[in-house]
1. Go through (1) of a type in the set (G, A, S); (2) open to solvent by 10 Å² or more (accessible area, probe 1.4 Å); (3) at negative phi for G117 and report which single condition fails.
2. Here is a list: L103, L111. Which entry is closer than 20 Å to P329 by Cβ, without any contact (Cβ under 8 Å) to a residue 60 or more places away in the chain and open to solvent by less than 50 Å² (accessible area, probe 1.4 Å)?
3. Anything in the stretch 281-335 that is open to solvent by 10 Å² or more (accessible area, probe 1.4 Å), acidic (D, E) and closer than 21 Å to D251 by Cα? List them, or say none.
4. Only one of (1) surrounded by 12 or more Cβ atoms within 10 Å (Cβ to Cβ); (2) free of Cβ contacts under 8 Å to residues at least 24 places away in the same chain fails for A130. Which number is that?
5. In this structure, is A191 small (G, A, S), within 27 Å of D52 (Cα to Cα) and crowded, with 23+ Cβ neighbours inside 10 Å?
6. Do any residues in the stretch 336-353 that are in contact (Cβ under 8 Å) with a residue 40 or more places away in the chain have Cβ atoms under 7 Å from those of residues that are of a type in the set (A, V, I, L, M) and open to solvent by less than 10 Å² (accessible area, probe 1.4 Å), where the two are at least six apart or on different chains, and which pairs are they?
7. Considering every residue within the stretch 258-272, establish whether at least one is open to solvent by less than 50 Å² (accessible area, probe 1.4 Å), over 30 Å from L196 (Cα atoms), polar (S, T, N, Q) and touching a residue at least 24 places away in the same chain (Cβ under 8 Å).
8. Of all residues in the stretch 389-446, count the ones that are open to solvent by less than 10 Å² (accessible area, probe 1.4 Å), closer than 19 Å to V366 by Cβ and assigned to a strand (DSSP E or B).
Amino acid sequence: QGINAEYGEHDKTHMQVKTATLALVALVAGAVLPQSSARVLYDDSKQHLRDDWTKVTSTRFGLSDTPPMHRLLFCVKQKNIDILKSELEAISDPSSPRFQQYLSFEQIGTLVNNTAGTEVVVDWLRANGASVMEVTPRGEYISVEAPIATWSSLLDTEFFTLEHTATQNRLERCKSYSLPEDIAQHVQSVAYTTQLPARRQAPGIRGLRGAQTATTSLEVLKSYYNIDNQEGSLGSQSLFESLGQYYSPSDLKAFAKANGYDAPAISDQGGHASAQECEEDPNNCGEANLDVQYITAIAPSVPTTFWYVEESNSLYYDYLVAVAKQAKPILVHSISYGSLEKELETSVLDNFDTEMIKLGLSGVTVVVASGDDGVANFQARSSQSACGYNPSYPSSSPYVVAVGATQGVESGGPEIACSSKTGGLITTGGGFSSHYDQPSWQKAAVSEYFSIATKAKLGYNANGRGYPDVGMAGHNYEVTIGGQTQIESGTSAAAPVFAAFISLANSARLKEGKPTLGFLNPVLYAPNASSIYNDVTSGENNCCAQAQVCCTQGFYAAKGWDPLTGWGSVDFKKFMNLVA
C-alpha cells in the first residue's frame, strides 16, 4: 500500500528499498558502472485472493528475434492530491462560497501535473529500448510496449503466464516488481504487471415476460417518479460497458418506438454496436441493451456515448486513461459493473479515486450500481461458504453516487428494498467499505441509522463509507433483446435511470447558464434534500440473487438513510425543483 509518498495518507508498508552491491567494476561503453543501486519494491498484488486464474507457465522469456511483446502503463505520481481533495470538498459543499465553481482541464492540470517526472520516466523507458505509444495530455499515464524480456530486466522481476479458468484467456503477469529509486520517485504504479482483470461478475437476471408478470416500463417509471419533463438536450451522458457486451441499434429503435420516443444516435466508442450479436446470443446484450434503452428513455435528447472498455487487461485502467484524455468531459457517467473491493490493489483504488476527484472538479457526476447480491456479493451466489460482508467497488468509492434497487413500483405498491427473498429476483447491494473512511458529509446519516436500525451481525466496518446513496426501481424492467421483450432485474437498471435524472437536471441548468451538478453526494445528504426522497423502510439484504444463498449477514432497512437503498428513491419533479 501507499507507494506514493506525496499522497500522505497511506503507510509505506510495501515500500522497500533493496540495495544490490556490485562485486565487480566493469566498463560499459567507456563508463564505469556504479558500485550500488537502490530500487523500490512494489508488491501490493492481490493475486493470492484470486482462484479464477491459474499459473500455466513459469516463463523466463529470453531474448530472441521475435520476443513476446507486452504493453505496460506507467502511472506517474500526480502532485497535490491532498489539495485536490480539499478543492473538491469546497466545490461540492452546497454551503461553501465556492459551490459549483468548477476548474478547467488546464487548471486541474496545473495542480496535479508532474511534468518533470513524466519526462524522466519517458526518457528512461526510451533509453532502455521501450516504445512509448502514448502519453495522456496532462502526463498522468504513459502507455509503453517492449519485449517481456526487457520488462523482466527493467522491473527486476519474472513474468509468467496465467490462464482464466472459465474463458481460457491468457495473460502475462508478475508477483511484484521494482524500479530504480530515481525512477520510482515519479511512478505511483505500473499497470498490467501484478493487476488482474476484475473478477467476472455473475450474469444478470433475465427472463421472458409472462402474461401475468408485473413489469417496470417507461410509463411506470414516469408515473411513479413524477417524470414530467424530458425535453432537455444539452450536456452529455455515457454508459460504461465491458465483459463482451454489445448493444443493438435495431433493438433500441424498436424499444423507442414502442415507448413513444425517437431512438437517438449513440456514439459508439469501442465498436460494440451489433444487432447480430444480440440475435445470436441474448446474453451478449442483456446488460448493454438495458443501459442504453433506459438512459435514453428517460433523457432521450441528451447526447449519449456507449463507452466499451476491453476486460483483457484491466477495465478500470483503460477507463481511467480514457477519461484523463478528455479536455471536454462527458458530464454524466453511468457504470453498472462492480468488482470485489478486497481483490483490488491499493494502487488501482488510488488511481481510480484521483480520476474521479478530477472529474468532480470538472463538473462531472459518476453514478455506479451497488450490486445485485446483497452484502455478500456475487461470488456467494452459489456458495454459502462465501457469505460475509464483501463490499462492491467502485460503488464503495466516496467519489461516486451509488444506486441501490427497490421493488414494488412494477405492481403499483409501496417500494421496499429489492430482495430475492421477497420475489425481487436480485438483492440490492449495500454495506460499508473496508477500505474507505466514512466521508464527513455522510457521518450524521450513518450515525442516525445505527441508532434506530435493527442490528446486523458483526463483521463489517461501521466506520467505513456507507453505500448506496439512493435507490431506484430495479425489478422486472421491460427490455428489447434480439427483437423480443424480456424482463431484467438489477441495480444495473436503477443506475442509468438516476443518471438520466441528473442529465435532465444538467440540461435545464445549462439552458439557464448555470454550472452542472458535478460531484453530487454532499447535495444528496444535505438537510434540504430530504423532501425529494420516497423513504424505503422495509427490507433486508442478506440474500444473493435468485435466493439460492441467504446469509446470516445482512442489513435492515430503516427510516432515513440505510445501506440498502440509501435515502430511498428519488422523486424526479422534487429533484428538479431542488437542483435545477
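The values are calculated or read from the model by the stated rules, or taken from the named source; none is laboratory data. In this text the structure is predicted, and so the values were computed from the model without any measurement. When we count neighbours, we look across all protein chains shown, and the Cβ atoms used for this are built from the backbone with ideal geometry, even at glycine. In case anyone asks, the SASA skips ligands and DNA or RNA and just uses the protein heavy atoms, side chains included. Shrake-Rupley method; radii C 1.70, N 1.55, O 1.52, S 1.80 Å.
1. (2)
2. Exactly one of L103, L111 is closer than 20 Å to P329 by Cβ, without any contact (Cβ under 8 Å) to a residue 60 or more places away in the chain and open to solvent by less than 50 Å² (accessible area, probe 1.4 Å), namely L111.
3. D281, E287
4. So the condition that A130 fails would be (2).
5. Yes: the conditions hold for A191.
6. S336/A369; S336/A495; G338/A369; N351/L320; F352/L320
7. Yes; the residues of the stretch 258-272 include at least one that is open to solvent by less than 50 Å² (accessible area, probe 1.4 Å), over 30 Å from L196 (Cα atoms), polar (S, T, N, Q) and touching a residue at least 24 places away in the same chain (Cβ under 8 Å).
8. Looking only at that region, the number is 8.
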